[in-house]
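Enquirer: To start, I am sharing the structure in question, which I have written as structure tokens.
The values are calculated or read from the model by the stated rules, or taken from the named source; none is laboratory data. Note that this is a predicted model, so its numbers are computed, not measured. Glycine gets a Cβ as well: all are built from the backbone with ideal geometry, and neighbour counts include every protein chain shown.
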Amino acid sequence: MSLPNYSSFELLETTIKHRGEECWLMDYHVERLLSSATTMSIIYSDDKAFRNVPTPEEVKSKVQEATKQAEESSQSEYFRVRILLSYDGKIQVGVTPETPRVNTMPLKIVLDNEPVSSDNVFLRHKTTHRPMYNKPREKYNVSLTDVERPFDVVLYNEDGNITETTIANFAIQIPDENGNLVWTTPPLKCGLLGGTMRRYLLESGTIKEGVITKEDLLQAKKDNRKMCCFNSVRKMYEVELVDSV
């Protein structure tokens, strides 16, 4: 695939902060951000591309400064924190009041009708370059607020293996050898983002890795087994697969 110019996108991290507490999974976010910068500096063989990046302490200091200002100017209890790192090492931190969403019903998701390419490096690193996510969202007219429309789109790769959704990692309940239902999420080799919430759930033993085919997904729907998505802002939330219109 042809790569976009490195000056046309930024590395991105998004998380949530409760007033008086540290940003959720902050260490994971900083580690991933700087790891992605290292990878991009190798992919783009240019001395200007992601070579002069900040230290973890510098990133955290910027975030602390921005969140402190936000808490002083707003009465909100929760804040969405967005960290951007450009190719020249500049950090931008955006902090906005956030109202945690409580879903009483599973959110609707649909399965895309065309695959992503598992060798697309931008599936493995969170950036502002998002055509592979924006296209299916536009195709299925997704909405974060209109419950009559799909909330998100499930993606799969050229081998027919499920990867993630356009805004979150994904898992379904799959029976193990003893018939016990185990939350299972696709492995990174399928072509997906190594989410920070995903890492947290794996390390805590809440979920495990395993290849999920499209057929597995459809069978899970038929069997009424649970499905969920997760990211740092919404944490873990239940979803249901519906037919696309």
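Enquirer: Any idea which of (1) touching a Cys at 6+ places or on another chain (Cβ under 9 Å); (2) of a type outside the set (Lys, Arg); (3) part of a strand (DSSP E or B) is the one Val63 doesn't satisfy?
Expert: Checking Val63 against (1) touching a Cys at 6+ places or on another chain (Cβ under 9 Å); (2) of a type outside the set (Lys, Arg); (3) part of a strand (DSSP E or B), the one that fails is (3).
Enquirer: Also, I was wondering about something else. Among the residues of segment 42-56, is there at least one that is in a loop (DSSP other than H, G, I, E, B), modelled with pLDDT under 95, among the small types (Gly, Ala, Ser) and within 20 Å of Thr99 (Cβ to Cβ)?
Expert: Taking every residue of segment 42-56 in turn, none turns out to be in a loop (DSSP other than H, G, I, E, B), modelled with pLDDT under 95, among the small types (Gly, Ala, Ser) and within 20 Å of Thr99 (Cβ to Cβ).
For every residue, the table says whether it meets (1) β-branched (Val, Ile, Thr); (2) surrounded by fewer than 18 Cβ atoms within 10 Å (Cβ to Cβ); (3) touching a Lys or Arg at 6+ places or on another chain (Cβ under 8 Å).
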position: Gly94; (1), (2), (3): no, yes, yes
position: Thr104; (1), (2), (3): yes, yes, no
position: Ser117; (1), (2), (3): no, yes, no
position: His125; (1), (2), (3): no, no, no
position: Ser143; (1), (2), (3): no, yes, yes
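Enquirer: So is Ser45 surrounded by 13 or more Cβ atoms within 10 Å (Cβ to Cβ) and outside the structural domain of Val233 (by TED's automatic domain parsing) or not?
Expert: In short, no.
Enquirer: Given the structure, is Ala70 at pLDDT 95 or above, in the same structural domain as Ser36 (by TED's automatic domain parsing) and among the small types (Gly, Ala, Ser)? Full working, then the answer.
Expert: Working: at pLDDT 95 or above: yes; in the same structural domain as Ser36 (by TED's automatic domain parsing): yes; among the small types (Gly, Ala, Ser): yes.
Answer is yes for this residue.
Enquirer: Of all residues in segment 168-181 being touching a Phe, Trp or Tyr at 6+ places or on another chain (Cβ under 7 Å) and more than 11 Å from Glu209 (Cα to Cα), which is surrounded by the fewest Cβ atoms within 10 Å (Cβ to Cβ)?
Expert: Among those residues, the one meeting the criterion is Gln173.
Enquirer: Just need a number here: residues in segment 8-26 that are in a strand (DSSP E or B) and either surrounded by fewer than 17 Cβ atoms within 10 Å (Cβ to Cβ) or not assigned by TED's automatic domain parsing to the domain that holds Phe79 (or both).
Expert: Residues that pass the stated criteria total 1.
Enquirer: So in segment 48-75, with the set limited to residues that are among the small types (Gly, Ala, Ser) and surrounded by fewer than 16 Cβ atoms within 10 Å (Cβ to Cβ), which one is nearest to Cys23 (Cα to Cα)?
Expert: Ser61
Enquirer: Would you list the strands (runs of 3 or more DSSP E) that sit entirely within segment 121-185 and hold 1 or more residues that are in the same structural domain as Asn224 (by TED's automatic domain parsing) and more than 16 Å from Leu241 (Cα to Cα)?
Expert: Ranges flagged: 169-175, 181-185.
Enquirer: Among the residues of segment 186-232, count how many are over 16 Å from the mean Cα position of the chain (by Cα), in a loop (DSSP other than H, G, I, E, B) and either in the same structural domain as Asp27 (by TED's automatic domain parsing) or not β-branched (Val, Ile, Thr) (or both).
Expert: 7
Enquirer: Could you give every pair whose Cβ atoms fall below 7 Å, whose first residue belongs to segment 61-87 and is over 19 Å from Trp24 (Cα atoms), and whose second residue is part of a helix (DSSP H, G or I) and of a type outside the set (Lys, Arg), counting only separations of at least 6 or pairs across chains?
Expert: These pairs meet every condition: Tyr87/Tyr6; Tyr87/Ser7.
Enquirer: May I pose another question? Got a sec? Which of Thr165, Thr196, Thr206, Thr184 is surrounded by fewer than 19 Cβ atoms within 10 Å (Cβ to Cβ), at pLDDT 95 or above and on the phi < 0 side of the Ramachandran plot? Write out each step before concluding.
Expert: Working: Thr165 fails: surrounded by fewer than 19 Cβ atoms within 10 Å (Cβ to Cβ); Thr196 fails: surrounded by fewer than 19 Cβ atoms within 10 Å (Cβ to Cβ); Thr184 fails: surrounded by fewer than 19 Cβ atoms within 10 Å (Cβ to Cβ).
Thr206 is the lone residue from the list that is surrounded by fewer than 19 Cβ atoms within 10 Å (Cβ to Cβ), at pLDDT 95 or above and on the phi < 0 side of the Ramachandran plot.
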